[in-house]
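The values are calculated or read from the model by the stated rules, or taken from the named source; none is laboratory data. Keep in mind it's a predicted model, so treat the numbers as computed, not measured. Every residue, glycine among them, receives a Cβ derived from its backbone with ideal geometry; neighbour counts consider all protein chains shown.
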Amino acid sequence: MRFWPILLITAVLFSACSKESAFTHFTKLDSRHERAVANLKRVTLTDESNRTAALISILHLNPVDPQLYGERPSFFVALFDRGGRTLEEYNVTLNGKAPVGMAPLDENCSLRELMPLNNPWNRYYQLLFRPTKEANLTLFFGTGPSLKGEVTFHTDQ
């Protein structure tokens, strides 16, 4: 008789853990969203006092949809800047070369569904660069004398 309460509590705990959780979201992704999550990187820019000044999430779009983006390196960028700066105020380069296109995206842009962190306080942009044959794509972000960061994507070329 005294084992009944322990058995009941154990059964309730195990059945509660079988419900849908945050991890079940990732099992429902289609192949395009899986590639998006796999090709997402983040950069944190810190100021002189080592406080976070900006968070940048970068999604390399070419591996997500190779037929659509082809040979031109394309990136989807989500920027949160504590100082309110826009991406246009940053020095952005890919392997030392400036983008040929930088477009702010509105709330209704279909690319925003690919970003796992779709926050209302982020500003969203699409970056386009000239085709390159380099295997490592290093995307650099900098503004002011001390806010700098970079992220490298490896391609199969």
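Values as computed for the structure displayed
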| quantity | calculated |
| --- | --- |
| Residue within segment 13-26 that is at pLDDT 90 or above, part of a loop (DSSP other than H, G, I, E, B) and among the aromatic types (F, W, Y) present | no |
| Tabulated pairs, segment 120-134, first at pLDDT below 90, second aromatic (F, W, Y) and assigned to a strand (DSSP E or B), C-beta under 9 angstrom, 6+ apart or interchain | W121/F80; N122/F80 |
| Of residues in segment 111-138 being under 13 Å from the mean Cα position of the chain (by Cα) and aliphatic (A, V, I, L, M), the one surrounded by the fewest Cβ atoms within 10 Å (Cβ to Cβ) | L117 |
| Residues that are aromatic (F, W, Y) and touching a Gly at 6+ places or on another chain (Cβ under 9 Å), drawn from segment 127-157 | F129, F140, F141 |
| Residues of segment 52-97 satisfying the condition of being among the polar types (S, T, N, Q), within 28 Å of P145 (Cβ to Cβ) and crowded, with 19+ Cβ neighbours inside 10 Å | S57 |
| Filter result for F153 (touching a His at 6+ places or on another chain (Cβ under 6 Å) and either of a type outside the set (F, W, Y) or touching a residue at least 24 places away in the same chain (Cβ under 8 Å) (or both)) | yes |
| Failed item in (1) more than 23 Å from L137 (Cα to Cα); (2) surrounded by 11 or more Cβ atoms within 10 Å (Cβ to Cβ), with N108 passing the rest | (2) |
| Some residue of segment 55-70 being under 21 Å from A135 (Cβ atoms) and assigned to a loop (DSSP other than H, G, I, E, B) | yes |
| Subset of segment 103-137 (residues that are assigned to a strand (DSSP E or B), over 20 Å from D65 (Cβ atoms) and touching a Phe, Trp or Tyr at 6+ places or on another chain (Cβ under 7 Å)) | P104 |
| Segment 67-88 residues that are farther than 18 Å from N122 by Cβ, paired with ones that are assigned to a loop (DSSP other than H, G, I, E, B) and hydrophobic (A, V, I, L, M, F, W, C) (beta carbon under 9 Å, 6 or more apart) | R72/V100; R72/F129; P73/F129; S74/F129 |
